[in-house]
Amino acid sequence: MRQAIKNVIEQKLIGTWRLVVMDAKSPNCLFTTTNSSLLLLGKSADSIVLSSSPDIATANRKKYLFEKLEKNVLYEITDECLVSAENLTKKMTVQR
């Protein structure tokens, strides 16, 4: 799944986007990334939340420690609240 997501992002997607992907065959894992839009990850001892809204982060800052996710990085989040990251490299150009 990771490689398929990576291939689509690096070779097909243009514009401004945020993605969160879950494979129905592996629901214990999420993949998320952004190329220019704000995406926040909030982590507590036993849970993780994703939000594109700073208001959500502000309202929940006592329960979660929020961080802004880096652009063009593919994050893998497991149900054990483990987060790993892999840099992405765009392999396409847009001619205007």
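Every read-out reported here was derived from the displayed coordinates using simple, explicitly stated rules and does not represent laboratory data. Only a predicted model underlies this, so the values are computations on that prediction, with no experimental measurement involved. No Cβ is skipped: glycine too gets one built from the backbone with ideal geometry, and neighbour counts run over all protein chains shown.
The figures follow:
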{"item": "Cut-off under 5 Å, modelled amide H: who pairs with Ile48 long-range", "result": "none"}
{"item": "The chain - mean residue ellipticity at 222 nm from DSSP helices (-39,500 (n - 2.57) per run, n ≥ 4, rounded to 500)", "result": "-4500 deg cm²/dmol"}
{"item": "Lysines whose Cα lies under 25 Å from that of Lys90, excluding same-chain neighbours fewer than 8 positions away", "result": "Lys6, Lys12, Lys68, Lys71"}
{"item": "Reachable lysines from Lys63, criterion Cα separation under 22 angstrom, eight or more residues apart if same chain", "result": "Lys43"}
{"item": "Positive-end extreme of charge dipole, the range 22-78 - chosen from Cys29, Ile56, Ile77 (charges on Cβ)", "result": "Ile56"}
{"item": "Over the chain: Kirkwood hydrodynamic radius from C-alpha pairwise inverse distances, Å", "result": "14.2 Å"}
{"item": "Electrostatic dipole magnitude of the chain [Cβ: Lys, Arg +1; Asp, Glu -1; Cα centre; debye, to 20]", "result": "400 debye"}
{"item": "Rounded tilt (10° steps) of 2-11 against the dominant C-alpha axis of the chain", "result": "50 degrees"}
{"item": "Estimated vicinal HN-Hα couplings, Hz - the range 29-37 in sequence order (Karplus 6.51, -1.76, 1.60; Gly, Pro = x)", "result": "9, 10, 10, 9, 6, 8, 10, 7, 7"}
